[in-house]
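Following: one structure in structure tokens, then a few remarks.
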Ligand code: GDP
Ligand code: MG
């Protein structure tokens with residue numbers, strides 16, 4: 001079975017930045033204002049000689065929180081069906097939002113292997129702030145900075161250990 005890893009989460013947490021970091025491509029569209037990645041983007045990744053497909057999800061441009069929630073639910077449902085591993089990205093500078101809880105509930109029920117990713121841990125001061133994400137009940141968060149790349153090596157080591 002192919003190794004497929006999907007990146008999910010609400011807009012603006014840094015999913016596309018992480019996708020670019022992992023694929024080392026500029027395939028995903030990263031916007032300074034909001035998450036504008038319209039479709040799902042498939043990329044190819046190789047870590048320590050292990051190959052896998054990585055999927056960036058998005059597709060929410062504007063509208064109310066209700067629209068966001070429907071779009072996110074759709075993306076998470078597809079990810080649960082097609083991926084063996086899910087990277088659930090949250091933003092340490094924002095803490096837990098209602099939309100994060102929506103995603104966490106779906107993932108808990110899915111029974112899939114989920115990694116909670118506390119993104120935007122750009123400095124040591126933010127390291128301890130990710131502890132709140134334990135409350136999702138999806139395991140200990142992985143602290144990373146998709147911008148600098150810090151923490152992504154340890155994350156990928158853990159991901160390929162699941163294959
Ligand atoms: P997406 O909507 O989840 O795909 O999020 P994007 O990847 O488009 O990123 C949203 C914003 O967060 C952009 O301005 C990114 O530059 C920024 N961002 C992403 N990762 C990090 C990070 O590790 N640290 C900081 N400080 N900003 C980040
Ligand atoms: Mg995006």
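No lab work stands behind these numbers, since they all come straight from the coordinates. This is a predicted model, so every value here is computed, not measured. Neighbour counts are summed over all protein chains in view; Cβ atoms, including those assigned to glycine, are modelled from backbone coordinates with ideal geometry.
Only beta bridges with both residues in the chain are counted; by DSSP, about 30 percent of them are antiparallel. Between segment 81-115 and segment 122-163, the alpha-carbon centres lie 13 Å apart. Which of rounded, prolate, oblate describes segment 4-160, given a ≥ b ≥ c as roots of the alpha-carbon gyration tensor eigenvalues and a/c under 1.5 marking rounded, otherwise prolate only if a/b is larger than b/c? Note, shape of segment 4-160 comes out rounded. Per residue of the chain, the DSSP helices (runs of n ≥ 4 H) give a summed -39500 (n - 2.57) that works out to -9500 deg cm²/dmol at 222 nm. Here the relative contact order of the chain, from alpha carbon pairs under 8 Å that lie six or more residues apart, stands at 23 percent.
Report note on the peptides 69-76, 95-102, 45-52: ranked by the mean count of other C-beta atoms within 10 Å, highest first, their order is 69-76, 95-102, 45-52.
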